[in-house]
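For reference, the structure discussed in these notes is given below.
Every number here is computed from the coordinates shown, using simple stated rules; none is lab data. Just so it is clear, the model here is predicted, and its values are computed rather than measured. As a convention, Cβ positions derive from the backbone with ideal geometry for all residues, glycine included, and neighbour counts pool all protein chains shown.
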Amino acid sequence: MKEAERLIRDQVWVLSFDDRTVAAKAAADLLAAVGNPESQQSLPEVDRLEHLREALAAVAIA
């Protein structure tokens, strides 16, 4: 994530409007599947792994 932000900031990676739309949808889907990092820390490991699986599916679909 940080590398992508750096590449965008340094204008090495120039995103089109469609790229930004897909990235925003993927980010929203990930947040919906996983929740915020603080809430993840309080969950049992098996639940975190389930959320990770859902997050990977969300990215694959996006």
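Computed from backbone phi with θ = phi - 60° and the Karplus coefficients 6.51, -1.76 and 1.60, the 3J(HN,Hα) list for the stretch 47-59 is 5, 5, 5, 5, 5, 4, 4, 5, 5, 5, 5, 5, 5 Hz; x is used for glycine and proline.
Angle of helix 17-34 to the longest C-alpha principal axis of the chain, folded into 0 to 90 degrees and rounded to 10: 10°.
Going toward the positive end of the dipole of the chain, with +1 on Lys and Arg Cβ and -1 on Asp and Glu Cβ, which of 32, 15, 52 do you reach last? Of the candidates, 15 comes out farthest on the positive side. Pairs of C-alpha atoms in the chain farther apart than 12 Å represent 72 percent of all such pairs.
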